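A.B. asks: Here you go, one structure.
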Amino acid sequence: MTSHSRTHEDEFRAGRELSLDHRKLGMWLFLASEVMFFGGLIGTFLHYKATIPSPESAELDTILVGINTFVLITSSLMVVLGLDAIQRGNRRGLATFLGLTALLGAVFLGGQVYEFVSLYRHGITLTSSVFGSSFFTLTGFHGLHVLIGVVWAALTLGKVLRGAYSAQDHVGVEVFGLYWHFVDIVWIVLFTIIYLI
Amino acid sequence: MKERTLLVIVLVTTALLAAGFWVAANVNLMPAEASTRAALVDQLFRAMLGLAAVIFLLVEGLLLYSVLRFRRSKGDEGDAVPVHGNRALEIVWTVIPALIVVVIGSYSFRVLAASETREADPIVVNIHSRQFSWSFEYPAEGVTSTDLHLPLGRQARFLITSDDVIHSFWVPEFRVKRDATPGQIAELLVTPSRLGAYPVRCAELCGVGHASMGLSSQAVVESPEDFQSWIEKTRALSNDPVTTFNTMGCNGCHSLAAAGAKGVVGPVLDGLGQRAGSTASGQDAATYIRTSIVKPGDQIVPGFADNVMPRNFGERLKPEQLQALVDFLMAQ
Amino acid sequence: MTSDAIAAKPARAWRRYLGWSTDHKVIGVQYMVTSFFFFLLGGAMAGMIRAQLLTPDSTLVSAEAYNRLTTNHGSVMLFLWILPVLAGLGNYLIPLQIGARDMAFPRLNALSFWLLVPGGLLMLASFFVGAAEAGWTAYVPLSVAGPDGQTLWAISVVLLGTSSMMGSINFVTTILTMRTAGMTFWRMPLFTWSILATSILVLTATPVLTAGLVLIAMDRLVGTLFFSVPAGGDPILWQNLFWFYSHPAVYIMVLPAMGAISEIFPVFSGKPVFGYKMIAISSLAISLLGLTVWAHHMFTSGMDPRLRVPYMISTMIIAVPTGVKIFSWLATIWGGKIRLDTPMLFALGFISMFLIGGITGVFLAAIPIDLHVHDTYFVVAHLHFVLFGGSVSGAYAALYYWYPKVTGRRLDERLGKIHFAANFIGTNLAYLPMFLAGLLGMPRRVVNYDPRFTQLNQLASLGAFLLAASVLPFLYNVIVSWVSGPKAGDNPWRAKALEWKTSSPPPAHNFDTPPVVTEGPYDYGEPVQVSLAATPAAAGD
């Protein structure tokens, strides 16, 4: 009796019946856990925002970081456009947009570094106050997620340039896209609660 | 439903309820009731115990009965008569527990509300905790003690906090505890209802002295007259160095026979007077002792950890108290 | 090596389990064996604790060592024994139960097992630098100031939580996307349902604990001020983050055990499970409700008094789906043809002991009672009844039940019954006296106690030592039977779930032909007598 009497497709038949690709489902589940992780950190930030006065917030550069937010949102648009490209079989388009995603992500990180350094110069550090601790931890973890995303975008770009993905098979790009959009959405929440409220 | 089945159900239910009532009325697993809320808690507990007995006997009874009655006979490899469900039964055993939950929940809520009603003119006691002792401060009466004395029948309003880690103030006979959290003040209302001396226990792991914390503290419920004379006696002793030593919590970490202190976390203080003059160069005994109290980090005895002894005794001790304490320790 | 060869040469087969494999069956065994090792370790710590508590003023163990023992006993038992052993069981069974070849992400699966290794090693290593001593609950500020081992402990728990989350991503994806033809949701075995319900909790709650542990680690390592009271830090914040996970954690620890019980009762009663749909739905209900109750651990914390009441209500409500399960199980065995083999004995023991644990949980939910018994031995008794009398008994039931499938051998029944008796008596003897001690005034986590509690403690210690001894017949049985026990055949229990329709042990790809399902997994109902001499059919049963 042969060992593999069912094809790869048969294995995930139940998923197809539910319109679920297992790789995308896996990413959704992972992102659900990430939402809860950030939830813990966000809860911490908000709790202390409500209970401890934080004059340090006056030093936050809302304009700069607002522009940075726009940069990150644009990078998500790049992912959407890239996906659209590969859905029509346009591998070059995908490569371009992935490159722009990575670039804009890197610019966002640069902006964050600039904001962090400027706060440090004002004496607001990770250990200077509870505000400092919550601010840097929350935005720091987000930045780490962006960094991972930029690296992932670059690696995906590498794969595209070596001929991967087609109109029929680009789940890997979709999975990356889910992650990137998540990172973007988390930032929108963070920007709102840290800079706007 | 067959008549016989109905009869069996009625008989079993009656027997179970009788057992439940008997348990609720006769089984007492609690210590003495020394507060008004204790009486309410115990009633709730006994009612729930009776109910628990009913449920336990019912389920265990059904289980044991099934195991005995429905054993597979030897050689019988067939299946039993298949029953996949029974809508009526499933509704019953969902609805009845839900109702029981509603009843227990409301009863508990009523006990809670009754336990926490404010009475007029409570006696206020600030309860301070630290590693590893309690002190009880009476702001209106102006005294602090390592024992909690309370007049019978008058509501006590405890304001509880900690100087270091989380502790928890518990008098089992009062049936209530409240955590002592650093940076926060927690309120607790208790009306003592029975004369006697009751143990005070720490109920939140606070370090190596957790189990022994409060071995030197008791909750004493006495008549208003006895309470008044205790206040006066304690007030007279407020600069007494042994009282200071214990109410400030030195006994939690240090041992000193003259104060009846048996702490094991910090250096032993017996014989301190003899060695204090030669411990820190350039400091005479009195200066060394005084500095050790108000700035403990300046000189740590080898083998002991820094950052354990509180650094704020300089603010907490009145000058007379500090002086009396230094003189007392000089004589050890 | 074919599975037949493995069954025939068991001594040589053990090497497969030492290295990296993406076969869920290998990974499942790796999980179960590794976690059992930690069970013994946690048990040894318990032995030392109970030895210390034989007399009220014992100096067998110092106060510092005692706090480290209680902290690590709890942490090891929860994070390195019960969570991973149930995950291992799930790992082994889920693909088989749904007719799949393996899990959806086999390499992620292997990684989630191998994360147990650094996680476990770090927790062990913590003893060399001053083990954590603030309780498994690690309340701040005590844990922020503790010895270096506390940091290793925090990192260890983060790794173990990550392992758990990876496992759950795999379980949910596998169950949703890899069920074989005909396996609708309402034909899934109840163990599979329980793993699904458990995974929801793992993914929702574990990350919050991770966040909290990150905060503690940062306070300790980098000097952040999250829990610095002078800077305005709030110790209650840690309690919320911690318990948001750690309450659902107890359902993570019991739902799979209940799933196993749901598998065992129909098989050993020769009857379908009673109320299949309601049991499945109850698992989900317990899971979702379980996310709403955490502050019942904080009734004495000084939290806003009015906020306590909703948590009392949500906690009491969980009794309803739990009761539905218990009554459904009773109705399953009622009118059945009961066989009292060891898996069934442990399952019956589970009901009895979990009942005590569950009932006392309702006592704890009642705020006025909790204000008296919180942080006392009443809680220690409650938690051990649900976790030891419940989860561990359920785990044993599962191990005895599926052992023939995993190894192709039968366990010795007599040794199994001895194990059961010692386990049942030991559990009750160890933990019933603790209820009384707590009610009468004995706090928990105390190295010494008031002499009035001496007899209760001695009874408890006796029970604990009996429990320690009870593991010996089990270990002997498992090892010797694997080497030379009688062959099990495909379906020694005459069960109906899919895992029993393939060989014991299953071939590498689980099923020679992907099964097609046409009925539920508990479709008993042939009252016709079959003679003892006929052996059960190997396939197509």
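The values are calculated or read from the model by the stated rules, or taken from the named source; none is laboratory data. What you see is a predicted model; the values in this text were computed from it and never measured. Note that each Cβ is placed from the backbone with ideal geometry, even for glycine, and that neighbours are counted across all protein chains shown.
A.B. asks: For region B:156-256, which strands (runs of 3 or more DSSP E) that fit wholly inside it have 3 or more residues that are touching a Lys or Arg at 6+ places or on another chain (Cβ under 8 Å) and closer than 14 Å to B:Ser35 by Cα? First the steps, then the outcome.
C.D. replies: Numbers: elements: B:156-162, B:167-171, B:176-180, B:186-190, B:196-199, B:218-222.
Qualifying strands (runs of 3 or more DSSP E): B:186-190.
A.B. asks: Further, regarding this structure: So A:Trp152 fits all but one of (1) under 14 Å from the mean Cα position of the chain (by Cα); (2) at pLDDT below 95; what number is the exception?
C.D. replies: So the condition that A:Trp152 fails would be (2).
A.B. asks: Just the residues that are among the aromatic types (Phe, Trp, Tyr) and at the interface with chain B (Cβ under 10 Å from one of its Cβ atoms), please, taken from region C:298-319.
C.D. replies: Filtering region C:298-319 for residues among the aromatic types (Phe, Trp, Tyr) gives C:299, C:311.
The one that is among the aromatic types (Phe, Trp, Tyr) and at the interface with chain B (Cβ under 10 Å from one of its Cβ atoms): C:Phe299.
A.B. asks: Taking the options C:Ser199, C:Ser269, name whichever one is more than 8 Å from chain A (Cβ to nearest Cβ), over 24 Å from the mean Cα position of the chain (by Cα) and of a type in the set (S, T, N, Q).
C.D. replies: Working: C:Ser199 fails: over 24 Å from the mean Cα position of the chain (by Cα).
Being more than 8 Å from chain A (Cβ to nearest Cβ), over 24 Å from the mean Cα position of the chain (by Cα) and of a type in the set (S, T, N, Q) holds for just one of C:Ser199, C:Ser269, which is C:Ser269.
A.B. asks: Can you tell me how many residues within region B:103-133 are outside any loop (DSSP other than H, G, I, E, B) and closer than 27 Å to B:Leu51 by Cα? Can you show your working first?
C.D. replies: Taking region B:103-133 as the starting set, the residues that turn out to be outside any loop (DSSP other than H, G, I, E, B) are B:103-115, B:123-130, B:133.
Now drop any that are not closer than 27 Å to B:Leu51 by Cα, which leaves B:103-115.
Selection size over region B:103-133: 13.
A.B. asks: Any residue in region C:179-201 that's on the phi > 0 side of the Ramachandran plot: show its pairings with residues that are of a type in the set (Ser, Thr, Tyr) at Cβ separation under 8 Å, as long as the two are six or more apart or on different chains.
C.D. replies: That search, which allows pairs on different chains as well, returns C:Gly182/C:Thr518.
A.B. asks: Could you list, in sequence order, all residues of region B:31-84 that are among the hydroxyl-bearing types (Ser, Thr, Tyr) and surrounded by fewer than 20 Cβ atoms within 10 Å (Cβ to Cβ)? Spell out how you get there, then give the answer.
C.D. replies: Pass one, region B:31-84, residues among the hydroxyl-bearing types (Ser, Thr, Tyr): B:35-36, B:65-66, B:73.
Residues satisfying the conditions are B:Tyr65, B:Ser73.
A.B. asks: Now a separate question. Need the failing condition index for C:Thr151 against (1) over 22 Å from the mean Cα position of the chain (by Cα); (2) β-branched (Val, Ile, Thr); (3) surrounded by fewer than 24 Cβ atoms within 10 Å (Cβ to Cβ); (4) within 14 Å of chain B (Cβ to nearest Cβ), just the number.
C.D. replies: Only one criterion is unmet by C:Thr151, namely (4).
A.B. asks: Restricting to region C:45-70, and then to whatever is assigned to a helix (DSSP H, G or I) and out of contact with any helix residue (DSSP H, G or I) (no Cβ under 8 Å at 6 or more places or on another chain), can you tell me which residue is surrounded by the most Cβ atoms within 10 Å (Cβ to Cβ)? Show your work before the answer.
C.D. replies: Within region C:45-70, the first condition is being assigned to a helix (DSSP H, G or I), and the residues that meet it are C:45-52, C:63-70.
Adding the requirement that they be out of contact with any helix residue (DSSP H, G or I) (no Cβ under 8 Å at 6 or more places or on another chain) leaves C:63-65, C:67.
Details: C:Ala63: 21, C:Glu64: 15, C:Ala65: 16, C:Asn67: 27.
Of everything passing the filter in region C:45-70, C:Asn67 is surrounded by the most Cβ atoms within 10 Å (Cβ to Cβ).
A.B. asks: Working carefully through the options B:Arg290, B:Arg275, find the one that is surrounded by 14 or more Cβ atoms within 10 Å (Cβ to Cβ) and farther than 30 Å from B:Leu195 by Cβ. Working first, answer last.
C.D. replies: Values: B:Arg275 fails: surrounded by 14 or more Cβ atoms within 10 Å (Cβ to Cβ).
Of the residues listed, the single one that is surrounded by 14 or more Cβ atoms within 10 Å (Cβ to Cβ) and farther than 30 Å from B:Leu195 by Cβ is B:Arg290.
A.B. asks: Would you check which residues across region B:163-214 are over 12 Å from the mean Cα position of the chain (by Cα) and more than 9 Å from chain C (Cβ to nearest Cβ) and list them?
C.D. replies: Once the filter is applied, which keeps residues that are over 12 Å from the mean Cα position of the chain (by Cα) and more than 9 Å from chain C (Cβ to nearest Cβ), region B:163-214 yields B:Asp163, B:Leu189, B:Val190, B:Thr191, B:Pro192, B:Ser193, B:Arg194, B:Leu195, B:Gly196, B:Ala197.
A.B. asks: Okay, moving on. Among the numbered criteria (1) surrounded by fewer than 21 Cβ atoms within 10 Å (Cβ to Cβ); (2) in contact with an Asp or Glu (Cβ under 9 Å, 6 or more places away or on another chain); (3) of a type in the set (A, V, I, L, M, F, W, C), which single criterion is violated by A:Ala106?
C.D. replies: The failed condition is (2).
Matching residues to (1) assigned to a helix (DSSP H, G or I); (2) touching a Gly at 6+ places or on another chain (Cβ under 6 Å):
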site: C:Ala280; (1), (2): yes, no
site: C:Met303; (1), (2): no, no
site: C:Ile313; (1), (2): yes, yes
site: C:Leu330; (1), (2): yes, no
site: C:Pro343; (1), (2): yes, no
site: C:Phe378; (1), (2): yes, yes
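A.B. asks: Report, by residue number, each residue of region C:118-147 that is over 30 Å from B:Gln131 (Cα atoms) and touching a residue at least 40 places away in the same chain (Cβ under 8 Å). It would help to see each step written out before you state the result.
C.D. replies: Residues of region C:118-147 over 30 Å from B:Gln131 (Cα atoms): C:118-121.
Selection gives C:Pro118, C:Gly119, C:Gly120.
A.B. asks: Then there's this: Do you know which residues across region B:54-97 are small (Gly, Ala, Ser), assigned to a helix (DSSP H, G or I) and more than 7 Å from chain C (Cβ to nearest Cβ)?
C.D. replies: Filtering region B:54-97 down to residues small (Gly, Ala, Ser) leaves B:61, B:66, B:73, B:75, B:78, B:80, B:85, B:88.
Cutting the leftovers down to assigned to a helix (DSSP H, G or I) gives us B:61, B:66, B:88.
B:Gly61, B:Ala88, listed by residue number.
A.B. asks: Name the residue that is surrounded by the fewest Cβ atoms within 10 Å (Cβ to Cβ), counting only residues in region A:44-60 that are more than 11 Å from chain C (Cβ to nearest Cβ) and more than 24 Å from the chain's Cα centre (by Cα).
C.D. replies: Among those that are more than 11 Å from chain C (Cβ to nearest Cβ) and more than 24 Å from the chain's Cα centre (by Cα), it is A:Ala58.
A.B. asks: Another question, then. Which of the following residues is closer than 29 Å to C:Ala131 by Cα, surrounded by fewer than 24 Cβ atoms within 10 Å (Cβ to Cβ) and in contact (Cβ under 8 Å) with a residue 12 or more places away in the chain: C:Leu86, C:Leu111, C:Leu18? Quick ask: steps written out before the conclusion?
C.D. replies: Working: C:Leu86 fails: surrounded by fewer than 24 Cβ atoms within 10 Å (Cβ to Cβ); C:Leu18 fails: in contact (Cβ under 8 Å) with a residue 12 or more places away in the chain.
Of the residues listed, the single one that is closer than 29 Å to C:Ala131 by Cα, surrounded by fewer than 24 Cβ atoms within 10 Å (Cβ to Cβ) and in contact (Cβ under 8 Å) with a residue 12 or more places away in the chain is C:Leu111.
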